[in-house]
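Each value in this text was obtained by applying a stated rule to the coordinates, not by laboratory testing. Source: prediction; values computed, not measured.
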Amino acid sequence: MAKTAAVPEASARPRRTSLSQRNRLSIRNKDDGYFYRIVNDTDDRVERMMELGYEDCTKESVGATGDRRVDSASPLGTTAHFSVGQNTKAVVMRQRKDYYAEDQAAKQAEIDELEATMKGEARTKADYGALDLVR
């Protein structure tokens, strides 16, 4: 009698995720043209982010958010949101990368201007010695 090789069957058990790789706030299906952010839905934060050019993502576009966990029920509606604890929901939002880069450049320009005034005052008001600031 000939022996046949047993073909291993695929397990119905879900894939195991290591604790060192677990990320509750991961977004899986990202579009390369957008910068993604998770915003707590408290006060008017979501509305303020929309005024800044962010848009809320749908569940269909980003898929499941975060790793699988027992304490999360499926959210209702089309917006991708999930519980972050203490009765607070978070919403997945995105902004076009060119808008994001423009916002970051404006923030950095403001920081550079403030640092320039601090360095100028420190150089002129020093009693003795030299001031050398290197980044």
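By how many nm would the segment from Arg96 to Arg135 grow when fully extended, if each residue of separation counts as 0.36 nm and the alpha-carbon distance is taken off? Could you put the intermediate results ahead of the total?
Working: separation 39, 0.36 × 39 = 14.04 nm, distance 2.98 nm.
Full extension of this stretch gives 11.1 nm more.
Amide H to amide H, which residues 5 or more places from Val91 or on other chains are under 5 Å from it, using H placed in the peptide plane?
Val39, Asn40, Asp41
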